[in-house]
Amino acid sequence: MLNIILFGPPGAGKGTQSVKLIEKYGLVHLSTGDIFRANMKGETELGILAKSYIDKGDLVPDEVTIKMLESEVNKQENPKGFIFDGFPRTSAQAVALDQFLSGRGTEISGCVSLIVADDEVRVRLLNRAKDSGRADDADINVINDRIQIYKNETLPIIGHYEKLDRYSAVYGVGEIEEIFKLLTDVIDSL
Ligand code: AMP
């Protein structure tokens with residue numbers, strides 16, 4: 001199986017690139033943010049809980065997020081592999097992901113980071129808010145909190161994948177096709 005973590009700050013282009021990558025490699029796309037938003041739209045119990053964190057820019061608690069992601073992974077009978085987009089975001093999530101993939105006899109093939117500077121992230125998210133209707137993209141204070149949480153809680157898990165020699169980074173600013181080429185070069189070399 002080919003199991004890729006697409007890593008990077010909010011607004012790095014993970015969603016955009018994931019759509020292209022699943023098409024090229026025939027993978028299942030699992031975006032925790034998308035799953036939470038679908039639940040928020042459907043006003044499920046999970047959605048109502050998630051909304052109270054997401055609108056403020058906070059992370060949804062690990063136990064909720066990990067359980068949800070594991071159940072999404074287990075829904076797939078014979079996947080060629082997964083693209084994890086927006087997960088893991090904490091070290092507890094990274095450890096849990098390794099554990100449940102190993103329970104299925106597989107593992108992370110690579111963690112690829114899209115490198116985008118904070119100022120570019122701010123501009124992209126405020127622009128995205130115009131179409132996305134996402135409350136967490138429309139407020140600069142929430143955006144700044146999300147960037148800070150990314151640095152404090154999410155960036156350190158890079159070390160986990162570096163130790164396994166499974167970490168790479170590509171520059172995430174430029175034409176979508178150029179960035180896609182950089183990503184596929186990395187993935188093809190895994
Ligand atoms: P995203 O669409 O990836 O930017 O995620 C939007 C929001 O969903 C985040 O700001 C968090 O509040 C929540 N979220 C998404 N993925 C996770 C995760 N792996 N752990 C905790 N919260 C998450």
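Structure data summary
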| read-out | value |
| --- | --- |
| Per-selection metrics, the stretch 2-181 (Cα): Rg and Dmax in Å | 15.6, 43 |
| Net charge dipole size for the stretch 2-181 [Lys, Arg +1 and Asp, Glu -1 on Cβ; Debye, nearest 20] | 240 debye |
| Mean ellipticity per residue at 222 nm, deg cm²/dmol - from DSSP H runs of n ≥ 4 across the chain, formula -39500 (n - 2.57) | -16500 deg cm²/dmol |
| Probe 1.4 Å, all protein chains present, accessible-area order of MET40, MET1, largest first | MET1, MET40 |
| When each of LYS51/LYS163; LYS151/LYS181; LYS14/LYS67 is checked by Cα-Cα distance, pairs over 24 Å | LYS51/LYS163; LYS151/LYS181 |
| Stretch gain in nm, segment LYS163-ASN74, where the contour uses 0.36 nm per residue and the Cα spacing is subtracted | 29.4 nm |
| Rounded percent of accessible protein surface that carbon and sulfur make up, the stretch 134-190, 1.4 Å probe | 51 percent |
| Whole-number percent relative contact order across the chain, with pairs defined as alpha carbons under 8 Å at least 6 apart | 32 percent |
| Inter-site label distance for GLU23 and ILE48 at 7 Å from Cα along Cβ, in nm | 3.9 nm |
| Inter-centroid distance (Cα atoms) of the stretch 30-82 relative to the stretch 176-190, Å | 27 Å |
| Counted charge near GLY47, where neighbours are those whose Cβ lies closer than 11 Å (Asp, Glu -1; Lys, Arg +1) | +1 |
| Sequence of LYS67, LYS20, LYS163 when ordered by accessible area, the most exposed leading, probe 1.4 angstrom | LYS163, LYS67, LYS20 |
| At most 11 other Cβ within 10 Å, DSSP loop - GluC sites (Glu not before Pro), the stretch 107-185 | GLU175 |
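The values are calculated or read from the model by the stated rules, or taken from the named source; none is laboratory data. Because the structure is a prediction, the values reported are computed rather than measured. Reconstructed Cβ throughout: ideal geometry from the backbone, glycine too, with neighbour counts over all protein chains shown. SASA here: full protein model, heavy atoms, side chains in, ligands and nucleic acids out. Shrake-Rupley method; radii C 1.70, N 1.55, O 1.52, S 1.80 Å.
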